[in-house]
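The values are calculated or read from the model by the stated rules, or taken from the named source; none is laboratory data. From a predicted model like this one, the values you see are computed outputs, not experimental measurements. Virtual Cβ from ideal backbone geometry, glycine too; neighbours counted across all protein chains shown. SASA here: full protein model, heavy atoms, side chains in, ligands and nucleic acids out. Shrake-Rupley method; radii C 1.70, N 1.55, O 1.52, S 1.80 Å.
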Amino acid sequence: MTPITHHLSDALLDAYVTGNLDHPFAVVVAAHLSLCDSCRARAEAAEMLGGALLDRIAPAPVSPGAQDRLLAALDHAPPPPRPITGSGIFPAPVMQALGGQPPKWRMLGGGIRQQILSAGADGALRLLYIPAGRAVPEHSHGGLELTLVLQGSFADSQGRFGRGDVEIAQDDLDHQPVAGSGAPCICLAATDAPLRFRAMIPRLLQPLFRI
Amino acid sequence: MPAETAPQTDPTQWLLAVRDHRDRAAFLLLFQYFAPRLKGMLMRGGLRDGSAEDVVQDVMLAVWHKAAQFDPHRAEASAWIYRIARNRRIDLARRKPPPEPEILAEPEDTEPDAAQILALGQEAALLRSALGALAPDQARVLEQAYFEELPHSRISELTGIPLGTIKSRIRLGLERLRRDLNDLRQP
Ligand SMILES: [Zn+2]
């Protein structure tokens with residue numbers, strides 16, 4: 001197994017730890033943290049800073065009955081359901097986004113499949129399935145695109161990306177990822193602006209990609 | 001007590017008593033320490049008095065129910081509780097629960113590694129004193145990011161604040177504790 005070589009940036013990790021990252025990107029970050037001990041440790045160091053800030057914040061007194069209400073709730077409130085855990089190639093945050101079910105792929109043509117996991121004003125999150133050796137139509141995007149490989153690999157002008165690797169593509173990067181040979185490439189991708197395809201025909205595909 | 005025999009801060013010891021013995025007296029100490037701080041954090045995040053107290057109750061209940069997931073090798077109580085409060089705040093603001101990374105549970109029979117717990121406590125103490133030595137405007141940026149909402153365009157300022165050396169030392173300590181989950185993680 002090739003070790004992870006493409007990691008999260010400091011800015012992404014800080015935004016995630018402080019709760020300032022939009023949902024689609026937070027899912028990709030949490031999925032990488034589930035696979036990467038090194039970034040997990042970076043996130044925990046940043047959380048320790050959150051704890052240190054909480055220690056020294058000016059306290060706001062709680063009302064006198066709060067403690068008794070809480071003690072009563074300990075006996076009566078049902079414990080929260082166990083969180084959804086990872087399954088197969090999908091780490092826990094991806095299974096959570098899938099609602100605990102296996103993906104329901106939708107064909108996009110050329111053997112490429114996708115499932116949109118969320119789409120809204122805060123961006124879009126999707127799973128992509130690219131057959132070995134196949135190219136994703138060349139595209140650029142107006143914002144940030146964060147892609148995490150879950151199976152197989154892809155390569156583009158930024159390098160080669162295998163399981164656990166994250167590609168951070170900013171604004172104006174024009175890139176054309178090509179899936180590696182061997183297993184199909186399955187990735188989790190978050191975007192905050194619609195993809196723009198360069199060629200005419202893929203532009204017709206855009207409604208299918210639907211973001 | 002000398003640091004060698006009591007490496008954890010008090011709140012971490014209380015949380016371990018809750019985790020291992022469901023100790024209600026220790027849980028009350030946690031409440032008395034954290035509830036006013038959590039309320040302060042949530043009010044800085046824009047919640048009104050009453051809703052801030054409701055969220056404090058949610059967070060403290062989650063502390064009680066999730067205590068089994070607390071690992072003193074990887075976090076102090078304050079960091080672990082900060083994370084729970086942050087997730088609750090995100091859940092309320094977006095009406096959907098934030099993603100949770102895979103839980104790194106210790107195997108049942110794990111003996112506590114006193115040296116690692118001590119080292120983590122020492123790094124935390126260094127982090128606290130470095131925090132106290134920051135210029136007020138730098139500390140304000142951190143508090144805004146962790147308690148309120150920092151515009152995306154200003155997130156990169158956080159890495160310019162001189163806590164990086166200590167954070168990377170903590171990270172190295174935590175990385176040494178990496179569990180070899182590779183087999184589990186490969187499909
Ligand atoms: Zn990483």
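About the centre of its Cα atoms, chain B shows a dipole size close to 680 debye [charges on the beta carbon of Lys, Arg (+1) and Asp, Glu (-1) only; nearest 20 debye]. Taking all protein chains into account, the per residue accessible area for segment B:3-185 stands at 49 Å² (1.4 Å probe). Computed on the Cα atoms alone, the convex hull of segment A:1-99 gives a volume of 153 cubic angstrom per residue.
Counted over the protein assembly as shown with a bin width of 20 Å, the fraction of Cα pairs per bin, in whole percents, is 27, 55, 18, 1. Only protein atoms count toward the accessible area here, which uses a 1.4 Å probe; on chain A, the carbon and sulfur part of that area reaches 57 percent. The dipole here belongs to the protein assembly as shown: it is taken about the Cα centre, uses +1 on the Cβ of Lys and Arg and -1 on the Cβ of Asp and Glu, and is about 1060 debye.
Once backbone amide H atoms are built at 1.01 Å from N, A:Leu117 has A:Leu125, A:Arg126, A:Leu127 as its partners under 5 Å, excluding neighbours fewer than 5 places away on the same chain.
Give me the tail of P(r) for segment B:3-185 as a percent: Cα-Cα pairs with distance above 25 Å.
Of all Cα-Cα pairs in segment B:3-185, 42 percent lie more than 25 Å apart.
Can you tell me the FRET efficiency between A:Ala132 and B:Leu172 if r is taken as the Cβ-Cβ distance and R0 is 35 Å, rounded to the nearest 0.05?
0.40
Can you compute log10 of I(q)/I(0) for chain A with the Debye formula, treating each Cα as one identical point scatterer, at q = 0.08, 0.13, 0.14 Å⁻¹? Rounded to two decimals, the profile gives -0.34, -0.77, -0.87.
A helix-only calculation puts chain A at -9500 deg cm²/dmol for mean residue ellipticity at 222 nm, using -39500 (n - 2.57) for each DSSP H run of at least four residues, averaged over all residues. When accessible surface is computed with a 1.4 Å probe, chains B and A are found to bury approximately 6400 Å² between them, both chains counted. Note on B:Ala133 and A:His76: with the Förster distance fixed at 51 Å, the Cβ-Cβ geometry gives a FRET efficiency of about 0.65. Treating r as the C-beta distance of A:Gln176 and B:Gln122 and R0 as 56 Å, the FRET efficiency rounds to 0.70.
Considering helices alone, the calculated mean residue ellipticity of chain B at 222 nm is -20500 deg cm²/dmol, with DSSP H runs of length four and up weighted by -39500 (n - 2.57) and normalised per residue.
State the percentage of accessible surface on segment B:3-185 attributable to carbon and sulfur atoms; use a 1.4 Å probe and exclude ligands, DNA and RNA. Reported share for carbon and sulfur atoms: 51 percent.
Could you give the DSSP H helices of chain A that reach 24 angstrom or more along their long axis (alpha carbon positions) and whose average Kyte-Doolittle hydropathy is no lower than -0.5?
Working: long enough: A:37-55 (27 Å, 0.01).
Helices meeting the criterion: A:37-55.
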